[in-house]
Amino acid sequence: MEYVLSPNEKKVLKSLSSSEKRIEEIAKETGLSKEATLQASYMLDDKGLAKVNERKRIFFRLTKEGEEYARKGLPERRCFELLYSKSNKIPISQIKELFGEKESGIAIGWMKKKGWVRVEDGMLILLSAPYGEDEVVLELLHAEQGNEEILHRFRNSIEELMRRGIVVSEETKEFYVSATKEGVALSNKIELEEEISQLTPDIIRRGEWKYKRFRKYDIHSHAKSANIGKIHPYQRLIEEMRDIFLSMGFKEIKGEIIQSSFWNFDALFQPQDHPAREMQDTFYLDSMSELPNGYENVKEVHEGKVDYTEGWGGAWSEEFAKRNVLRTHTTAITIRYLAENPEPPVKAFCIDRVYRREAIDPTHTPEFEQLEGVVMGEGLSLKHLFGYLKEFYARMGFKDIRFRPGYFPYTEPSVEPEVFIEGLGWVELGGAGIFREEVTKPLGIKYPVLAWGLGISRVAMLRLGLDDLRKLYHPDIEWLRSEPIWRRV
C-alpha cells in the first residue's frame, strides 16, 4: 500500500519507534511545535502507521492562601507554637489578643479537631502537636513535587485541604505516540528531503521544477468541513416571513410586551370571566394602566347595552380591565393600531413574542413567537382573507392549503388554516377570521377587518423537521452547524 505523507508526518514517523514517546519529546526531536506534532501524529494514526494514546493526569497546587500557609505554617500550628512558648494552659479569652481575632477561631477549631488541645473551665490546655500528613502535603506542593501520587498516599489529608480552600486539583492531558508495525517498516524507507508544495513563478523561471520533488496529495481524502457563520435557522425563518408580508404591501408594527387587560382581552370582546383570563393561563403583573378615552363604548358592548349584540351580561369591571399582563397574543398590538388608525386602507402585521402559562414539553413553551396580521378596507370578505393566507403559505413552501370552520371570541366567521404535510396529514397552523362588530364598532372602525394569528414555532418545526419545540431555543452548536440554510417542507 502506498502512503501519501506530508513533510510533518514524515518527520514525526522518522522520530517514532514501537515504544511510546511523549509528544513533547517528539516535538523537540523534529523541531515542530507541539500542536503541529500532535496533528501529524493523529494523521498517522488515521493511516494506521502510529498509535496516539491520551492519558489524563491529576495535579494538585496550592491556592494563594495555601502558599501563605506553606511559608508561615497552618494557623493551628502557628497558634500552638505561640501559646506553647508562653504556657501550656491559657484562658480562651486571651487567645484573640495573642494570636489575632482573624485566625484565632480557625486555629482553635483545628487544634481541638486534631487533638492538640482540650478545653476545661474556659481554659485551653495544650497537649502535643505531632507533624501531620496535611503539613507534609503542603511542604511537597510548595516544593512543586505535587502529582497524582499524592492523592493515593495522602488521600484523606489532601481532600481535607481542598475543603479548606488551601489546595485545588487540576486535570491535564498527556499524549504518547508509538509507531505501529507498518509505521516502523515505512519509517526505514522514508527520506527527508525538501518538497515543493506550491508551484510559483520563481520556481518556473529558475527551472527548479526540473529537479525538485513535488509534494503528493491524496485527492480522495475528505477535506475538513468548514463551519461558516450563518443566521440561526429560526431567525432566518422569521425574516423570511417578514419579507413575504412586506413584499405584499403590509406595514410592520410593534408594541409593548406589557399590555393592559383592556387591550389584551376586553377590546377583543373576551368576557372578563373567560378561562383564558385565569391566573393559571396568564401572567398578571402587580401594576395597572389607565383606560383609554372611549373605553365606555367597550363597556356597553360587554354589558349588552347596544342594539347589535346581547353582550356577555353582568357588570363590567374597570379595575379588572386596568390590570397589566404579559401579552398573551400579538392581537393586542394590532387592535390597538386599528383603534389609532380607524380609516382605511390598513394592511399591517406584527411578528413578536407572546407569553402564556404553559407547562414546558416538546410542543409547548411559556413564551413563543406569533405572527399577527390585519387588513381593513371597504368590501372585504372571507374570500379576500383566504387569498392573503394562501399566498403567504404558498410562498412559505406549502402547496396544499385548506380552511376549516373554527371559533374565536373576536372573529365571526372564524377559520383555522391547515396545510398538508407528507407523513403527518393536515396540520393546523393558526386562526383567522373577520373581526366581529363587537370589536370594531366600539373603537370607531366602520369597515370590515380581516385578521389572523399564526403560530411561527409550529411552522418552524415543520420547515426544520423538528419534533421538539425547545430545540429552537437551545444553544446546540452542532445542530446549528449541520442545519442547512434552506429546507423544503
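In terms of its C-alpha gyration tensor, region 213-277 has a prolate overall shape, because the principal axis ratio a/c (a ≥ b ≥ c, square roots of the eigenvalues) is not below 1.5 and a/b outweighs b/c.
Just want to confirm a number: the relative contact order over the chain, from Cα pairs under 8 angstrom separated by 6+ residues, in percent.
Working: 730 pairs, mean separation 62.6, N = 489.
13 percent.
Applied to region 359-371, the Karplus parametrisation 6.51 cos²θ - 1.76 cosθ + 1.60 on θ = phi - 60° returns per-residue 3J(HN,Hα) values of 6, 6, 8, x, 10, 9, 9, x, 9, 7, 9, 9, 10 Hz, with x for Gly and Pro.
Estimated from helices alone, the mean residue ellipticity of the chain at 222 nm is -10500 deg cm²/dmol (sum of -39500 (n - 2.57) over DSSP H runs with n ≥ 4, per residue). Taking every Cα-Cα distance in the chain and sorting them into 20 Å bins starting at zero, the pair-distance distribution P(r) comes out as 16, 25, 20, 29, 10, 0 percent.
Tally Lys/Arg at +1 and Asp/Glu at -1 over every other residue whose Cβ is under 14 Å from the Cβ of L291; what's the total?
Details: positive: K299, K322, R323, R336; negative: D266, E290, E296, E300, E318, E319.
Every neighbour counted, the sum reads -2.
Each Cα pair under 8 Å and six or more residues apart adds its sequence gap; the mean of these over the residue count of region 366-489 is a relative contact order of 28 percent. Antiparallel beta bridges, as assigned by DSSP with both residues in the chain, represent about 95 percent of the total such bridges.
May I ask you to sort R323, R481, R395 by Cβ crowding, counting other Cβ atoms within 10 Å and putting the fewest first?
Details: R323 20, R481 12, R395 15.
Neighbour counts put them in this order, fewest first: R481, R395, R323.
Per the Debye formula on identical point scatterers at the alpha carbon atoms of region 235-482, with no solvent, log10 I(q)/I(0) at q = 0.09, 0.11, 0.16 Å⁻¹ is -0.40, -0.60, -1.25. A simple rule links phi to the HN-Hα coupling: the Karplus curve 6.51 cos²θ - 1.76 cosθ + 1.60 with θ = phi - 60°, which for region 345-358 gives x, 10, 9, 9, 9, 9, 10, 7, 8, 10, 9, 9, 6, 10 Hz, with x for Gly and Pro.
Which shape class applies to region 80-191: rounded if a/c is under 1.5, otherwise prolate when a/b exceeds b/c and oblate if not, where a ≥ b ≥ c are the square roots of the Cα gyration tensor eigenvalues? Prolate shape, in that a/c is at least 1.5 and a/b is the bigger ratio. Altogether, the Stokes-Einstein calculation at 37 °C and 0.692 mPa s, with the Kirkwood radius of region 64-130 over Cα pairs as Rh, returns a diffusion coefficient of 275 µm²/s.
How big is the Cα convex hull of region 190-322 in projection, averaged over all directions, in nm²?
Working: hull surface 85.1 nm².
Seen from a random direction, the Cα hull of region 190-322 projects 21.3 nm² on average.
Going down the table (K21/K173; K56/K224; K28/K173; K347/K399; K28/K216), which pairs top 22 Å between alpha carbons? Exceeds cut-off: K56/K224; K347/K399; K28/K216.
How would you rank 311-322, 450-461, highest first, on the average number of other Cβ atoms within 10 Å across their residues?
For the peptides 311-322, 450-461, the packing ranking is 450-461, 311-322.
With contacts defined as alpha carbon pairs under 8 Å and 6 or more residues apart, what's the relative contact order of region 64-130 in percent? Don't skip to the end; give the middle numbers.
Details: 60 pairs, mean separation 23.8, N = 67.
In percent, rounded to a whole number, it is 36.
Summary of the geometry: region 269-307 and region 40-113, compared by the centres of their Cα atoms, lie 66 Å apart.
None of the figures in this text is laboratory data; all of them are computed from the coordinates on show. Because the structure is a prediction, the values reported are computed rather than measured. Because the Cβ atoms are built from the backbone with ideal geometry, glycine has one as well, and the counts that use them run over all protein chains shown.
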